[in-house]
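Here's the structure we're looking at; comments come further down.
The values are calculated or read from the model by the stated rules, or taken from the named source; none is laboratory data. Note that this is a predicted model, so its numbers are computed, not measured. Using ideal geometry, Cβ is built from the backbone for each residue, glycine included, and neighbour counts are taken over all protein chains shown.
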């Protein structure tokens, strides 16, 4: 006989399954992904193209969308942009067969929180999906702080970024990365700390991955991304947010990426 008290939650109960929409035009791969994710504890629904994915997002609540880049009709990048308009908070993990930095940045620019390159291992996919979910869940918590650096204002309560009064749209991952840098204003934050703080403890050696996000942030907040004045590179170490309007701020280290 159960002794659970219905007035109090069961703190030992397993967490609810992560509601995941798998979008891929290859039916065999889609079925394999769905079956594997269900076996890993995910709640999975499927869509075979961009139009079906958009309809599914409109009519249902999903925590994460696993979205293939290369699809006929509405491709993955355009689908990602439209999903962001429908549900700005849903996590989006983009699947791509291309591995160049520009292709990755293009996926992030479309609104993806993360990307994974084919071929990939199931455990890597599961880790990426759970990391995206954790970041999205953490984003809902109250953080009553506003950080300012010259024309930059980051509000962690409303999760908004403004420059010279104008709002700049950031994906949840971009926001979290910038928040870590700004909260450590003037201090070098190592590659490992950034990766583990923003993406999770299973990360730490994905330097090219981190560079892609830094490149994205620079394109959004720097007047000249090739010559950054806010997000600076500390060679061989990490990155640092510098406030050029504050004479007491630590001097920048020459160099950039």
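The residues of the range 72-103 that are buried (at least 22 other Cβ atoms within 10 Å of the Cβ) and touching a residue at least 40 places away in the same chain (Cβ under 8 Å), listed by number, are 76, 79, 91, 92, 95.
If we only count strands (runs of 3 or more DSSP E) wholly inside the range 141-184, which ones have 1 or more residues that are free of Cβ contacts under 8 Å to residues at least 24 places away in the same chain and crowded, with 16+ Cβ neighbours inside 10 Å?
On the way: elements: 146-149, 152-155, 160-163, 166-168.
Passing ranges, in order: 152-155.
Residues are listed down the side, and each one gets a yes or a no for (1) in a helix (DSSP H, G or I); (2) at pLDDT 80 or above; (3) surrounded by 15 or more Cβ atoms within 10 Å (Cβ to Cβ):
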site	(1), (2), (3)
203	no, no, yes
214	yes, yes, yes
217	yes, yes, yes
246	no, no, no
249	no, no, yes
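What is the residue count in the range 219-244 for residues that are modelled with pLDDT under 90 and surrounded by fewer than 16 Cβ atoms within 10 Å (Cβ to Cβ)? The qualifying residues number 4. When every residue of the range 188-199 is checked against the conditions, at least one turns out to be touching a helix residue (DSSP H, G or I) at 6+ places or on another chain (Cβ under 9 Å) and either assigned by TED's automatic domain parsing to the domain that holds residue 44 or in a loop (DSSP other than H, G, I, E, B) (or both).
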